[in-house]
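Visitor: What follows is a structure written as structure tokens; I'll ask about it next.
A short reminder: the numbers here are calculations on the coordinates, not readings from a lab. All figures in this text were calculated on a predicted structure; none of them were measured in a lab. Neighbour counts are summed over all protein chains in view; Cβ atoms, including those assigned to glycine, are modelled from backbone coordinates with ideal geometry.
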Amino acid sequence: MGPIGVFDSGYGGLTILSDIRKRLPEYDFLYLGDNARAPYGTRSFDIVYEFTLEAVNELFNRGCELVILACNTASAKALRTIQQNDLIKIAPDKRVLGVIRPSTEIIGDLSKTNKVGILATQGTVSSLSYPIEIAKFSPGTKVYQQACPMWVPLIETNKYDSEAGREFIKEDVDKLLGQDPDIDVLILGCTHYPIVIDYIRSIVPKNVEIVSQGNIVAERLEDYLKRHPEMNERCSKKGSVRYLTTESAEEFDGNAAAYIGEAVHSTHIKLG
Ligand code: DGL
């Protein structure tokens, strides 16, 4: 038995962990942020895959039976290869899940105009994962995407709430909505973005619904554990949470509280 592993390039996955813990408080969790190598969003397919596989191996070696890639970029660029090629070799009984599928399953039901917008990293946008997945579940839905390359660096460095930070964010939101005035649902397709949800809400028309992934992923994980009792039994349940970071633990602890709403004591580790 072991904790559920939650992985992100940096702090973003903490927004997902926070919602998962609200829904599944009895489970143990082990969070890993690869802060030293964030952001992943502008990195190549091969590098994101290599880094993500290292992180998954690390979490498996530390006892996790189930790992959630709480990062859209890693889910877009590495999840399928890890599920289809690597698991069989490294840990055939363990499982890795991502965050894109749960959001794309429900998104068609939310839009009245059948036009949805995706805000995400360059990597997630160019992978076309959102348009491809949404087409499977809601073939009539038109999907518009906007890459926001500055957002993760602004959020990771706490500069998002400056005049320049707000300017970058507004420019990308305006570009997305400018593609079609009928877009009525925006997906925050990067786990860092819930940190700026209030600002985004303040600059879009009132009829535009903004969807962040935390609740959706938490609900789908609960459902997954119900449907897979053999995996549920292998997830330990003492209500604990531990944090690992590839950057300085002190810096992680100082920043993480804003995402998770409580004091954090992380441990520094090396990957690769
Ligand atoms: N939180 C990651 C995501 O959801 C951020 C990616 C990055 O590091 O650029 O895509």
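Visitor: Using r as the Cβ-Cβ distance of residue 1 and residue 45, and R0 as 30 Å, what FRET efficiency do you calculate, to the nearest 0.05?
Guide: Efficiency for this residue pair is about 0.30.
Visitor: Give me the one-decimal Kirkwood hydrodynamic radius in Å for the stretch 70-160, with the sum taken over alpha-carbon pairs.
Guide: Hydrodynamic radius (Kirkwood, Cα only) of the stretch 70-160 equals 14.5 Å.
Visitor: Put a dot 7 Å past each Cα toward the Cβ at residue 158 and residue 240; how far apart are the dots in nm?
Guide: Taking the simple label geometry, residue 240 and residue 158 are separated by 2.9 nm.
Visitor: Which ordering of 242, 37 is given by a fewest-first count of other beta-carbon atoms within 10 Å?
Guide: 242, 37
Visitor: Right, here's the next one. Excluding residues fewer than 8 places away in the same chain, name every one of the lysines whose C-alpha is closer than 21 Å to that of residue 77.
Guide: Within the straight-line cut-off, residue 77 pairs with 89, 94, 136.
Visitor: Any idea which of 228, 197, 244 is furthest toward the positive side of the dipole for the stretch 194-258, if Lys and Arg beta-carbons carry +1 and Asp and Glu beta-carbons -1?
Guide: Going by the charge dipole, the pick is 228.
Visitor: Please report, for the Cα atoms of the stretch 164-247, the Rg to one decimal and the Dmax as a whole number; what are they, in angstrom?
Guide: 18.0, 50
Visitor: Run the numbers on the stretch 68-218 and let me know its relative contact order in percent, using alpha-carbon pairs under 8 Å that are six or more apart.
Guide: Across the stretch 68-218, relative contact order equals 26 percent.
Visitor: What's the percent breakdown of Cα-Cα distances in the chain across 10 Å bins, shortest bin first?
Guide: 7, 31, 37, 20, 4, 0
Visitor: Relative contact order for the chain using alpha-carbon pairs under 8 Å, separation at least 6, rounded to a whole percent?
Guide: In percent, rounded to a whole number, it is 28.
Visitor: Grab the Cα-Cα distance for residue 113 and residue 226, subtract it from 0.36 nm times how many residues apart they are, and report the gain in nm with one decimal.
Guide: My answer for the length gained is 37.3 nm.
Visitor: Note the full-extension length gain between residue 105 and residue 250 as 0.36 nm times their separation in residues minus their Cα-Cα distance, in nm to one decimal.
Guide: Full-extension gain reported as 48.4 nm.
Visitor: R0 = 45 Å: FRET efficiency of residue 174 with residue 262, Cβ-based, nearest 0.05?
Guide: 0.80
Visitor: What is the extension gain from residue 207 to residue 61, computed as 0.36 nm multiplied by their sequence separation minus the C-alpha to C-alpha distance, in nm to one decimal?
Guide: My answer for the length gained is 47.9 nm.
Visitor: Now a separate question. Calculate the spin-label point distance for residue 80 paired with residue 122, positioning each point 7 Å from the Cα along the beta-carbon direction, and give it in nanometres.
Guide: Label-label distance for residue 122 and residue 80, simple model: 2.2 nm.
Visitor: Please rank 86, 223, fewest neighbouring Cβ atoms within 10 Å first, as an exposure proxy.
Guide: Fewest-to-most Cβ neighbours within 10 Å comes out as 223, 86.
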